[in-house]
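The values are calculated or read from the model by the stated rules, or taken from the named source; none is laboratory data. Everything numeric in this text was worked out from a predicted model, so none of it was measured. Counting neighbours? That spans all protein chains shown, and the Cβs are built from the backbone with ideal geometry, glycine included.
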Amino acid sequence: MKTKRIARQTVTFHHYSTVIVGAGAAGMNCAVHLCEMMKHKGIKDAEKRIAVVTGGLKLGASRMSGSDKQTYYKQGTSPEIPDCAEEFAKTLTAGGCCHGDLALAEGISSLREFAHLVQVGVPFPTDAMGTFIGYKTDHDPAERATSAGPKTSKFMSECLQRQAEAYGIQIIDKQEAAHLLTVGSGKSKKIVGIVTVQKSKVTASEWGISVFLAANVVLAAGGPGALYKTSVYPEGQTGLHGLAFRAGLAAENITESQFGLASTKFRWNVSGTYMQALPRLFSTNANGKDQREFLTGFFPSMSKMATDIFLKGYQWPFDPQRIEKHQSSLIDVLVFNETQKGRRVFMDFRKNPIGSAAMKPFKIKDLEPEAYDYLDKAGAFQATPIKRLAHMNPLAIDIYKENGINLYKEPLEIAVCAQHNNGGFAVNRWWESNIPHTFVIGEMAGSHGVKRPGGSALNAGQAGGLRAAEYIVNVYGGDVPKYAAQQKQINQQLSDLIAKLNSWRKSSGPTPNSVIAEIQDRMTTSGGHIRERHDAESALRDALSLYKAIGHRGLKLTSPKSVTAALQAEHLALGSAGILAAIVELLKQGSGSRGSHLVLADDGLTIHKDVINQATGAPLKFKPENTKLRKSILRIEFNEKAKGRFKCTKVAPRPVPTSRKAFEPAWQDYREGKIYK
Ligand SMILES: Cc1cc2nc3c(=O)[nH]c(=O)nc-3n(C[C@H](O)[C@H](O)[C@H](O)COP(=O)(O)OP(=O)(O)OC[C@H]3O[C@@H](n4cnc5c(N)ncnc54)[C@H](O)[C@@H]3O)c2cc1C
């Protein structure tokens with residue numbers, strides 16, 4: 001560590017072989033593997049060559065998010081049901097737009113990484129014979145899902161952190177990402193490190209700037225949670241999408257996010273047993289008065305309505321292909337419909353669902369067989385939802401209690417929330433981005449297709465970290481570069497950054513908070529789970545002009561420390577423009593409703609005659625999926641000089657690799673390092 005004076009600021013320089021940005025389950029796992037693999041290769045002082053740099057060790061989706069039993073989806077471990085990586089890859093690629101090599105690598109790495117998590121201490125449950133107990137998510141035949149409870153991903157990142165600390169890897173907390181340093185251009189472009197601002201070190205005269213230089217940079221900063229107003233991403237999960245676009249990383253499938261029902265006072269998914277316990281769903285006006293059973297008018301019977309509530313448990317993400325004919329995602333549409341009218345929606349675990357006068361009263365025996373049989377097997381025929389939930393999953397009640405909500409005493413407010421980005425930055429089979437030496441892992445990587453099985457995000461994050469670490473150590477080694485020859489370029493970028501921050505002190509531009517609020521409103525309205533081409537085009541125009549305005553006028557700092565919020569606002573502005581540009585392009589290509597979003601179209605299918613488009617007063621109509629686009633991945637790159645600032649291209653999904661070699665030639669490839677070519 002050295003300090004230098006640049007543009008009248010004290011800048012602290014750190015040098016590593018690999019810097020990982022983000023301390024969630026993906027980043028921590030990569031750090032642990034890097035250290036182990038460097039040691040295996042005989043690289044001295046491995047732990048000193050690696051650093052994890054994060055905005056918040058206790059922030060991020062892994063640390064702060066979950067559900068009733070947060071799912072980890074891996075290859076099956078049942079002693080009686082066979083499973084294999086190719087079958088796993090088939091499931092991952094089934095929804096389209098998913099690279100087969102990534103899906104196969106996630107399948108192949110799955111059990112190795114699961115065992116690694118067990119080894120570092122994640123308490124995945126076993127039976128008396130040592131079998132890791134699995135369960136089915138939405139008809140998966142191999143019982144691939146498992147869980148360590150509501151906080152699976154928290155346990156994962158904590159256990160991996162303990163391991164990283166035991167190895168002596170440096171974890172540098174409270175570093176807000178401000179800039180990705182690049183040198184060279186075109187094919188020789190390289191990201192050589194990250195510049196951060198530490199809020200606690202910001203004073204009237206100093207910006208608290210640190211520079212982390214490295215031969216390899218692993219971006220593991222999670223999803224773009226702060227882009228949405230209605231969101232179950234944890235507060236403070238900003239991500240790095242804007243900075244990554246600006247540094248030249250290409251994104252794929254960035255249009256594909258998951259949305260679903262979640263509680264809003266405490267951000268948590270209400271999937272699984274929360275729904276299977278069959279709570280009453282009702283709405284109120286904005287003041288919490290005027291209770292209404294808003295679902296009843298849309299269902300032909302109590303049996304259908306209650307069965308759909310049950311199915312929302314494991315058909316959790318909003319799915320436009322599950323709306324028609326009273327399927328379970330009609331519930332999401334109706335919740336959204338209600339909130340659009342300015343009403344609030346609640347789940348009440350103290351009462352069973354209440355029907356209309358035309359419906360029979362709720363009785364468990366009247367449920368459709370799928371729901372009835374499940375509750376029968378679970379022994380969950382208790383009289384009220386809270387008793388059924390307490391029987392099936394008491395930890396699901398405890399997690400709310402820990403966060404100040406007593407489900408025995410109060411209803412739970414919910415909404416259709418942004419939850420996960422299936423797309424992200426493009427990676428090859430070793431999770432290396434389009435810029436050599438820069439890797440992207442975890443939710444920030446665009447490794448999923450349009451749909452993914454619940455729980456596969458956590459598996460993908462572990463697989464990506466393993467693959468990136470293996471490639472880095474075996475191909476790039478463990479050297480710590482000095483970048484003496486590039487120092488001029490680096491200093492210039494630092495001077496530019498400092499000049500920008502200084503100019504913000506005197507800016508007449510908007511405040512960071514107002515910019516973030518504007519972005520969140522726009523993304524939830526026009527880039528969320530309901531989309532429409534003209535609306536998205538107008539949102540993109542507004543997003544681009546906001547980005548341009550920030551460039552011209554800067555951001556007005558309300559205090560020196562608000563510089564971190566200003567940095568976030570600036571890169572969220574670019575990130576949101578990138579996502580909207582991709583959404584507009586996909587709509588122009590004639591895509592329809594797919595994954596977890598609905599595309600409105602006047603000539604589309606009617607959802608239900610009473611689900612009204614608030615803008616026109618006419619029944620809401622949606623365009624079905626254009627299945628031809630399953631074979632085309634939308635790739636997008638930032639180009640400051642181009643009209644519209646972003647360039648979109650179509651990429652064919654890479655197939656699942658099928659070539660296999662006999663042991664001896666494969667062993668030779670391994671010994672000679674040909675597997676990395
Ligand atoms: C409510 C909810 C429930 C979920 N349930 C499941 C489930 O059951 N199964 C499943 O597989 N997946 C689930 N997911 C998704 C999964 O939890 C995430 O995709 C995963 O945890 C992401 O891990 P990560 O390591 O990539 O990023 P995160 O865990 O989000 O970590 C990001 C890291 O980057 C840091 N960071 C972010 N922005 C910046 C910045 N600007 N500057 C510096 N540092 C920054 C953060 O502080 C953090 O350390 C769920 C997500 C949510 C929100």
Residues that are on the phi < 0 side of the Ramachandran plot and surrounded by fewer than 24 Cβ atoms within 10 Å (Cβ to Cβ): list the strands (runs of 3 or more DSSP E) wholly contained in region 1-117 that include at least 3 such residues.
2-6, 9-21
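Do we find that Pro369 is at pLDDT 95 or above and over 14 Å from Asp308 (Cα atoms) in this structure? Walk me through it before giving the result.
Numbers: at pLDDT 95 or above: yes; over 14 Å from Asp308 (Cα atoms): no.
Taking the combined requirement at face value, the residue does not satisfy it.
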Does Ser593 meet the test of being touching a Pro at 6+ places or on another chain (Cβ under 6 Å), modelled with pLDDT of 95 or more and not β-branched (Val, Ile, Thr)?
yes
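Taking the residues in region 58-75 that are more than 17 Å from the chain's Cα centre (by Cα) and modelled with pLDDT of 95 or more as candidates, determine which candidate is nearest to the ligand (Cβ to nearest atom).
Quick first cut of region 58-75, residues more than 17 Å from the chain's Cα centre (by Cα) only: 68-69, 74-75.
Those left that are additionally modelled with pLDDT of 95 or more: 74-75.
Numbers: Lys74: 10, Gln75: 14 Å.
Restricting to residues being more than 17 Å from the chain's Cα centre (by Cα) and modelled with pLDDT of 95 or more, the top hit is Lys74.
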Given the condition away from the ligand (no atom under 16 Å from the Cβ) and under 18 Å from Ile441 (Cβ atoms), answer yes or no: does some residue in region 21-35 qualify?
yes
Where Phe439 falls short, out of the listed (1) more than 23 Å from Arg267 (Cα to Cα); (2) in contact (Cβ under 8 Å) with a residue 24 or more places away in the chain; (3) not in a strand (DSSP E or B); (4) not aliphatic (A, V, I, L, M):
(3)
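Looking at Thr255, Thr284, which is the one that is of a type in the set (Ser, Thr, Tyr) and touching a helix residue (DSSP H, G or I) at 6+ places or on another chain (Cβ under 7 Å)? Break it down into steps so the answer makes sense when it comes.
Details: Thr284 fails: touching a helix residue (DSSP H, G or I) at 6+ places or on another chain (Cβ under 7 Å).
Selected residue: Thr255, the only one of Thr255, Thr284 that is of a type in the set (Ser, Thr, Tyr) and touching a helix residue (DSSP H, G or I) at 6+ places or on another chain (Cβ under 7 Å).
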What number goes with the only condition from (1) more than 10 Å from the ligand (Cβ to nearest atom); (2) closer than 19 Å to Gly575 by Cβ; (3) among the hydroxyl-bearing types (Ser, Thr, Tyr); (4) touching a His at 6+ places or on another chain (Cβ under 9 Å) that Ser210 does not pass?
(2)
I need the full set of residues from region 151-172 which are more than 9 Å from the ligand (Cβ to nearest atom) and either farther than 25 Å from Thr18 by Cα or part of a loop (DSSP other than H, G, I, E, B) (or both), in order please.
Lys151, Gly168, Ile169
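Please tell me if Ala662 is of a type in the set (A, V, I, L, M) and over 17 Å from Gly446 (Cβ atoms).
Numbers: of a type in the set (A, V, I, L, M): yes; over 17 Å from Gly446 (Cβ atoms): yes.
Taking the combined requirement at face value, the residue satisfies it.
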Restricting region 433-490 to residues that are buried (at least 24 other Cβ atoms within 10 Å of the Cβ) and hydroxyl-bearing (Ser, Thr, Tyr), which is nearest to the ligand (Cβ to nearest atom)?
Ser456
Per-region count, region 414-432, residues surrounded by fewer than 19 Cβ atoms within 10 Å (Cβ to Cβ) and over 27 Å from Leu586 (Cβ atoms)
0
Got at least one residue in region 371-389 being among the aliphatic types (A, V, I, L, M) and not in a helix (DSSP H, G or I)?
yes
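Somewhere in region 586-597, is a residue within 16 Å of the ligand (Cβ to nearest atom) and touching a strand residue (DSSP E or B) at 6+ places or on another chain (Cβ under 6 Å)? Working first, answer last.
Let us first name the residues in region 586-597 that are within 16 Å of the ligand (Cβ to nearest atom), namely 595-596.
Then drop every residue that is not touching a strand residue (DSSP E or B) at 6+ places or on another chain (Cβ under 6 Å), which leaves 596.
The answer is yes; a qualifying residue exists.
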Are any residues in region 262-278 in a loop (DSSP other than H, G, I, E, B) and more than 25 Å from Phe381 (Cβ to Cβ), and if so, which ones?
Thr264, Lys265, Phe266, Arg267
When you scan region 595-604, do you find a residue that is among the hydroxyl-bearing types (Ser, Thr, Tyr) and either surrounded by 12 or more Cβ atoms within 10 Å (Cβ to Cβ) or in a loop (DSSP other than H, G, I, E, B) (or both), even just one?
yes
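Within region 236-255, count every residue that is more than 11 Å from the ligand (Cβ to nearest atom) and surrounded by fewer than 24 Cβ atoms within 10 Å (Cβ to Cβ). Please lay out each step first, then the result.
Initial filter on region 236-255 (more than 11 Å from the ligand (Cβ to nearest atom)): 245-255.
Narrowing further to those that are surrounded by fewer than 24 Cβ atoms within 10 Å (Cβ to Cβ): 246-248, 250.
Qualifying residue count, region 236-255: 4.
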Is there any pair with a first residue in region 386-405 that is closer than 15 Å to Phe310 by Cβ and in contact (Cβ under 8 Å) with a residue 24 or more places away in the chain and a second that is part of a loop (DSSP other than H, G, I, E, B) and polar (S, T, N, Q) whose Cβ atoms are under 8 Å apart and which are 6 or more apart or on different chains, and what are they?
Arg388/Gln382
Which ones in region 176-225 are crowded, with 24+ Cβ neighbours inside 10 Å and part of a helix (DSSP H, G or I)?
Gly225
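Just need a number here: residues in region 241-261 that are in a loop (DSSP other than H, G, I, E, B) and farther than 25 Å from Thr71 by Cα.
3
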